[in-house]
Every structure is written in C-alpha cells, then in structure tokens.
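Scroll down for the structure; my scribbles are underneath it.
The values are calculated or read from the model by the stated rules, or taken from the named source; none is laboratory data. As the structure is a computational prediction, the values presented were derived from the model and not from experiment. Cβ placement follows ideal geometry from the backbone for every residue including glycine, while neighbour counts extend to all protein chains displayed. Remember, those area values only see protein heavy atoms, side chains included, never the ligands or the DNA or RNA. Shrake-Rupley method; radii C 1.70, N 1.55, O 1.52, S 1.80 Å.
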Amino acid sequence: MTENSSSPANALITARGLGKHYGTFQALSGIDLDILKSEVTCLIGPSGSGKSTLLRCLNFLEAYDEGEVRIDGQLVGWQDGKASPRKPVSATKLREQRRQVGMVFQQFNLWPHMTAAQNVAEALVQVKGLSKAEARDKAILALARVNLRDKADNHPSALSGGQQQRVAIARAIAMEPRVVLFDEPTSALDPELVGEVLNVMRDLAADGMTMVVVTHEMGFAAHVANRVAFLDHGKLVACVPPDEIFRQDPADPRIRSFLQTYRERNVV
Ligand SMILES: Nc1ncnc2c1ncn2[C@@H]1O[C@H](COP(=O)(O)OP(=O)(O)O)[C@@H](O)[C@H]1O
Ligand SMILES: [Mg+2]
C-alpha cells in the first residue's frame with residue numbers, strides 16, 4: 001500500500017493509504033491519490049462520500065489518522081519518522097506547510113467592513129509581512145486575474161455572490177500558493193452566477209494553476225478537469241481522465257448510478 005506505490009515525478013501532493021475517522025466512523029479509508037502539478041483534479045461523488053474530508057486532510061485542516069499526505073515529498077501535519085503514536089509538527093511548521101495551499105470554500109467568508117482589495121491584501125500584510133502599499137498592489141493584480149479590477153474598492157455588500165466568490169479566489173491566489181483547493185465553490189450561488197466563477201477557474205487552470213476542485217458541476221469536471229476522482233463511502237473508486245467517467249457506460253456501477261441523476265437532468 002504505502003511505501004511501495006511510487007508517485008509520478010510531477011506529483012505535487014501524494015496521498016497514500018490515507019484514512020480518517022470521526023470517532024468510530026471511518027470517513028475515509030485507503031486513499032491513494034496523486035495531485036499532479038498544473039493539473040485540475042475534480043473530486044466528485046455522492047453527498048457524505050468524504051469529498052470535503054479528503055480535501056481538508058490535504059492541508060491538515062482535518063488531522064488524518066492513517067497513511068500519509070506529502071506535498072513535494074514532505075509529510076503534512078505529522079512529524080516524519082516511525083514514532084507511534086505520531087506527533088504533530090509544530091504550529092510554525094504547520095503554518096508554513098499550509099501557506100503552500102490556498103483554499104476556497106462554498107461560503108466566501110469575506111470581511112464585511114473591508115473592501116475587496118483590503119480583503120485580498122489582509123493576509124499579505126498579516127502572514128507574508130508585506131507593506132500596505134505592496135499588499136494593495138498585489139491585491140489589485142489578483143483582482144484583475146478574476147476580472148474584478150474595477151470593483152477593488154467595493155465592500156462585499158456591494159458585490160454579487162459571484163463577485164464575492166471571485167474576491168475569495170483572488171484572496172487565495174494572491175498568496176501565491178502551489179495549489180488551490182476548492183470545496184464546492186459555486187454551490188452557494190444563484191444559478192446565473194455560477195458561470196462567471198467557473199470561467200475564472202478555467203482561466204486559472206489554463207494559466208497552469210494546480211487545482212483540486214470538489215464540485216457538482218459535471219460540465220466543469222467533464223471539460224476542464226485533467227482527472228476526475230470519484231469517491232463513494234470514503235473510498236476512491238476511480239481517478240481517471242474525464243472521458244472514462246463521463247462516457248455513456250462507465251465501468252463501475254457506483255459511478256453509473258451517481259451520474260444517472262445528472263443524466264436525467266441533461267447535465268452530462
Ligand atoms: N466533524 C465531523 N464529525 C463527525 N462526522 C463527520 C464530520 N465531518 C464529516 N463527517 C461525516 O463524514 C462523512 C463524510 O463527510 P464529508 O467529507 O463532509 O462528505 P462530502 O463532502 O462528500 O459531502 C459524512 O458521513 C459526514 O457525516
Ligand atoms: Mg462536502
């Protein structure tokens with residue numbers, strides 16, 4: 001399972017034998033997954049299958065209790081070695097590891113009393129130690145990448161949900177992470193606002209950003225993902241190019257029945 005399965009040279013994140021319990025409930029088990037540099041990996045699967053848990057284990061927002069997650073070979077969250085039980089890395093080390101990973105959630109969590117630019121600049125000042133002027137310049141550049149240069153001085157209350165989520169994406173990419181994890185970034189949006197967020201994500205992908213995206217947007221998974229990982233009951237059923245998931249008769253019955261509900265709605 002673990003030490004023996006090698007990962008491709010262009011793997012940024014490698015999970016091996018990854019498992020996670022909540023009490024006695026096993027939310028994830030035996031996950032072997034490689035996130036390749038400059039690729040988009042979409043995570044799909046039924047509600048409760050462990051998609052969010054998997055995403056959160058990748059940057060130790062959830063402490064996994066079996067197996068390992070490595071970013072560029074470095075074990076995330078736990079001290080490397082044979083100690084049992086494992087000991088967590090120091091808070092400083094964990095912050096350093098997490099800095100490599102950006103996150104975008106379903107809820108945008110912007111500060112209501114700050115403008116878009118201030119929301120993006122905040123962590124650049126607090127975490128990266130930039131001056132206010134440097135941070136604003138970087139924030140403006142990040143907002144331009146999500147097509148919101150002209151909204152830099154608006155407060156969130158003066159932005160649509162789609163615009164707020166694009167600010168949240170700008171906030172993540174301004175930190176220059178090596179990978180951005182998205183957990184259902186469009187699920188809280190009115191349908192007419194979903195497209196603008198997905199377009200921004202597609203642009204980031206085209207620029208070579210490494211992305212892991214939990215989504216129910218099957219069109220995005222089918223057309224933008226390099227690989228689609230399908231989770232069911234905490235297990236990784238498949239991690240394959242989208243064609244193999246979205247073909248008319250996917251090999252695995254669990255994938256077939258999951259996609260059936262989307263087919264009935266003519267989504268894929
Ligand atoms: N903090 C938690 N405590 C207990 N159970 C949890 C917790 N978070 C998630 N779970 C359970 O773990 C399973 C996977 O959850 P989750 O990763 O959120 O699934 P998904 O994102 O695919 O909907 C679900 O059965 C859920 O109820
Ligand atoms: Mg979830």
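Only one entry of Val197, Val179, Val127, Val146 meets the criterion of being modelled with pLDDT under 95 and among the hydrophobic types (A, V, I, L, M, F, W, C), and that entry is Val127.
Identify, please: which residue in the range 131-140 is open to solvent by 30 Å² or more (accessible area, probe 1.4 Å) and not in a loop (DSSP other than H, G, I, E, B) and is, among those, nearest to Glu217 (Cα to Cα)? Outline the logic, then answer.
To start, the set of residues in the range 131-140 that are open to solvent by 30 Å² or more (accessible area, probe 1.4 Å) comprises 131-134, 136-138.
Those still in the list that are not in a loop (DSSP other than H, G, I, E, B) too: 132-134, 136-138.
Numbers: Lys132: 37, Ala133: 38, Glu134: 36, Arg136: 33, Asp137: 33, Lys138: 30 Å.
Out of the qualifying residues, it is Lys138.
Elements of the type helices (runs of 4 or more DSSP H) sitting completely within the range 176-246 and holding at least 1 residues that are open to solvent by 30 Å² or more (accessible area, probe 1.4 Å) and under 23 Å from Ser7 (Cβ atoms): these cover 242-246. Just one of (1) within 16 Å of ligand 2 (Cβ to nearest atom); (2) open to solvent by 10 Å² or more (accessible area, probe 1.4 Å); (3) more than 16 Å from Gln100 (Cβ to Cβ); (4) among the hydrophobic types (A, V, I, L, M, F, W, C) fails for Ala63. It is (1). Selection over the range 157-174 of residues that are under 24 Å from Lys37 (Cβ atoms) and either within 16 Å of ligand 2 (Cβ to nearest atom) or over 15 Å from the mean Cα position of the chain (by Cα) (or both) gives a count of 1. Would the range 63-75 turn up any residue that is more than 16 Å from ligand 1 (Cβ to nearest atom) and of a type in the set (S, T, N, Q)? Within the range 63-75, one or more residues are more than 16 Å from ligand 1 (Cβ to nearest atom) and of a type in the set (S, T, N, Q).
Beta carbons closer than 6 Å, at least 6 apart along the sequence or on distinct chains, never pair a first residue in the range 212-230 that is closer than 14 Å to Phe258 by Cβ and without any contact (Cβ under 8 Å) to a residue 24 or more places away in the chain with a second that is part of a helix (DSSP H, G or I) and not aliphatic (A, V, I, L, M).
With respect to Leu54, determine if the residue is within 15 Å of ligand 1 (Cβ to nearest atom) and assigned by TED's automatic domain parsing to the domain that holds Phe220. Criteria met by Leu54. A residue that is part of a loop (DSSP other than H, G, I, E, B) and closer than 22 Å to Asn154 by Cβ can be found somewhere in the range 90-105.
Here the condition is being away from ligand 1 (no atom under 15 Å from the Cβ), of a type in the set (Gly, Ala, Ser), assigned by TED's automatic domain parsing to the domain that holds Tyr22 and at positive phi; of Ser84, Ser38, Ser90, it holds for Ser38 alone. Whether any residue in the range 158-169 is out of contact with any Ser or Thr (no Cβ under 7 Å at 6 or more places or on another chain), part of a loop (DSSP other than H, G, I, E, B) and not small (Gly, Ala, Ser) is what I want to check. Yes, the range 158-169 contains a residue that is out of contact with any Ser or Thr (no Cβ under 7 Å at 6 or more places or on another chain), part of a loop (DSSP other than H, G, I, E, B) and not small (Gly, Ala, Ser).
Can you tell me which residues in the range 37-89 are in a strand (DSSP E or B) and of a type in the set (A, V, I, L, M)? Within the range 37-89, Val40, Leu43, Ile44, Val69, Ile71, Leu75 qualify.
Considering the range 112-130, and only residues there that are surrounded by 12 or more Cβ atoms within 10 Å (Cβ to Cβ) and either polar (S, T, N, Q) or not in a helix (DSSP H, G or I) (or both), the residue that is nearest to ligand 2 (Cβ to nearest atom) turns out to be Asn119.
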